[in-house]
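The values are calculated or read from the model by the stated rules, or taken from the named source; none is laboratory data. Since this is a predicted model, take the numbers as computed values, not measurements. Backbone-built Cβ (ideal geometry, glycine too); neighbour counts: all protein chains shown. With ligands, DNA and RNA removed, areas are computed over all heavy atoms of the protein, side chains included. Shrake-Rupley method; radii C 1.70, N 1.55, O 1.52, S 1.80 Å.
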Amino acid sequence: MIGERLVEDMTDAERARAERVDAVLPALRDAAEEADRRAEFPAAHLALLREAGLLGLVVPEKFGGLGGTLRDLAAATYAMGTACPSTALAYFFHNTSASRGLLPLEAIDAGLFADDEIPVVRAFAEKVLTRMAEGHWLANFASEAVKTAAANITIATTATKTEGGWILKGEKSFGCATGVADYYLTSAKLAGYDTAEGLATFFVPRDAPGVSVRAPWDGLGMRATANNGIRLDEVFIPDDEALAVPGAFTKMLTMSRGSFVGNQLAIAAVYTGCAQRVYDETLTATTKKTFADTGEPIASAPVHQVLIAEMTRELHTAYLWLRYQLDIETAEPPRKPKQEVFTQWRLGKGAVTEACFRVALTAFKAGGTSAAAMNGIAGRALRDLAMGLVMTFPAERGMLEVARIVTDAKANELFATAPAKAGR
């Protein structure tokens, strides 16, 4: 299993789930170059992943899923990252939706909700999980263009109560699978709240009246993720498609093992898989191609020896950080308190993504001008891995937050609501 290069101690059950992932990789790999060129998510991938049962990878079996955990998700996104990083990234964000089901159920078990809140919270959480298991693709829309100094993600989209449901208004600037997903799982702030206590979550059907797609995203990063974002213009969402219990969002976040909702390291696994692919391709190319005068492999030249050693070091750096984070987020019983796991991730995310980018940058140098093409593995990887430098937060912000945690024993909140006057 390709995923075993990251998760080296898979159980039999994990290997069985990894076999499903390996089975779809040839199709992902074959479509990757054209998808990147067209900057379009391959529509056939949706049916491919659905038929493989992979849209329910991390959904418990009692809800119809495969029963995988964060270990399975990290192995899957890593393996897909070696084939088509864009698909791997979009698939990661689909799976983050499961946290909107799993964490509220854990919060119920922990006694965090009042008796009258439990039926509403449970119904929504179970709907998230059963829809994923049934093969619905859920796009997870949180990020917006509005920024505040206090948080990484600021929610300005509003939800106003109306008869039988809610009216959503706002714009989401980032979210994979725009126009592809069946539902946009959308975060919005309830009217009258100025803190994260007022954040709510809604199922927004892709074709609901008032939903439109923003301008095509032509970004420096993974181009085939359908990452355009959406506009919500007076979109009506029924009550039974909403989790609008005040405080529900923050209560569920307390149940994660560390990073945000506890699955963020799987996005770093995407980048590590991409870095492994470009490393393998570079090593193959430089050892097979020879100098015309000596007949020796290109890889034997001193400069290439140094470049290959640098790539190897950076790749090992990514693996070490990622495996350690995976270990402390999944160990049973937990070996470290949540604050330490959180702190480790704020350092680890930047360390992994920057190491992976340096692998691609060094591969670009090793390939020379003949390999400096955007339709080649190194060229695409260089652009794909650049996204990791900024996604969620750059390494510098992570280090700053860790410094504050260490010196002040206080971490920034991840989410905040924007002031009413904030622009969109």
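Only beta bridges with both residues in the chain are counted; by DSSP, about 75 percent of them are antiparallel. Of all aspartates and glutamates in the structure, the ones whose alpha carbon falls short of 14 Å from that of Lys169, not counting any fewer than 8 places away in one chain, are Glu144, Asp233, Glu234. Compared with the dominant principal axis of the Cα atoms in the chain, helix 118-133 is inclined by about 30°. Taking all protein chains into account, the per residue accessible area for the chain stands at 41 Å² (1.4 Å probe). Note on the chain: GNM, Cα springs under 10 Å; of Ala16, Ala156, Ala90, the largest mean-square fluctuation is that of Ala16. In percent, rounded to a whole number, the relative contact order of segment 268-408 is 31, using alpha-carbon pairs under 8 Å and six or more apart. Rounded to the nearest angstrom and listed largest first, the equivalent-ellipsoid semi-axes of segment 221-350 from its Cα gyration tensor are 44, 23, 9. Restricting the calculation to Cα atoms, segment 169-241 shows an Rg/Rh of 1.00 when the hydrodynamic-style radius is the Kirkwood one. Please give, to one decimal in nm, the separation of the simple spin-label points placed at Glu51 and Thr294, each 7 Å out from Cα toward the Cβ. For the pair Glu51/Thr294, the computed spacing is 5.1 nm. Most tightly packed first, judged by the mean number of other beta-carbon atoms within 10 Å of their residues, the peptides 160-166, 356-362 read 356-362, 160-166. When peptides 200-206, 300-306 are ranked by their average number of other Cβ atoms within 10 Å per residue, the highest-first order is 200-206, 300-306.
When peptides 177-189, 332-344 are ranked by their average number of other Cβ atoms within 10 Å per residue, the highest-first order is 177-189, 332-344.
Computed from point charges on the beta carbon alone (+1 for Lys and Arg, -1 for Asp and Glu), the dipole magnitude for segment 188-325 about its Cα centre is near 360 Debye.
Spin-label model, Glu134/Arg122: points 7 Å from Cα along the beta carbon direction are separated by 2.0 nm. Comparing Phe141, Phe291, Phe174 in a Gaussian network model of the chain (Cα springs below 10 Å), the most mobile by mean-square fluctuation is Phe291. Label positions at Val390 and Ala43, each projected 7 Å from the Cα along the C-beta direction, are separated by 3.0 nm.
Note on segment 351-403: Cα convex hull, mean projected area over all directions, 3.7 nm². Taking a point 7 angstrom from the Cα of Asp408 along the C-beta vector, which residues in segment 326-363 have backbone N less than 16 Å away? Only 343 pass the distance filter. Legend: Rg and Dmax of segment 1-159, from Cα coordinates, 17.3, 53 Å. Here the average projected area of the convex hull drawn through the C-alpha atoms of the chain stands at 21.2 nm². Using the structure shown, select from Lys288/Lys349; Lys161/Lys336; Lys172/Lys251; Lys127/Lys172; Lys161/Lys338 the pairs with a Cα to Cα distance greater than 31 angstrom. Over 31 Å apart, Cα to Cα: Lys288/Lys349; Lys161/Lys336; Lys161/Lys338. In plain terms, the chain from Ala110 to Glu163 could stretch by 15.9 nm, reckoned as 0.36 nm per residue minus the Cα-Cα distance. Against the main long axis of the alpha-carbon atoms of the chain, helix 302-330 sits at an angle near 30°.
Helix 99-109 versus the longest principal axis of the chain: what angle, 0 to 90°, nearest 10, using Cα atoms? Once rounded, the angle reads 50 degrees. In the chain, the DSSP-assigned H stretches of four residues or longer account for a calculated mean residue ellipticity at 222 nm of -16000 deg cm²/dmol, using -39500 (n - 2.57) per stretch and the full residue count as denominator.
Length available on full extension from Asp30 to Gln339: 0.36 nm per residue minus the Cα-Cα distance, which gives 107.0 nm. Sequence-distant contacts, meaning Cα pairs under 8 Å at least 6 residues apart, place the relative contact order of the chain at 18 percent. Dipole size of the chain about its Cα centre, with +1 on Lys/Arg Cβ and -1 on Asp/Glu Cβ: approximately 900 debye, rounded to the nearest 20. At a 1.4 Å probe, what is the % contribution of carbon and sulfur to the accessible area of the chain? That fraction is 56 percent.
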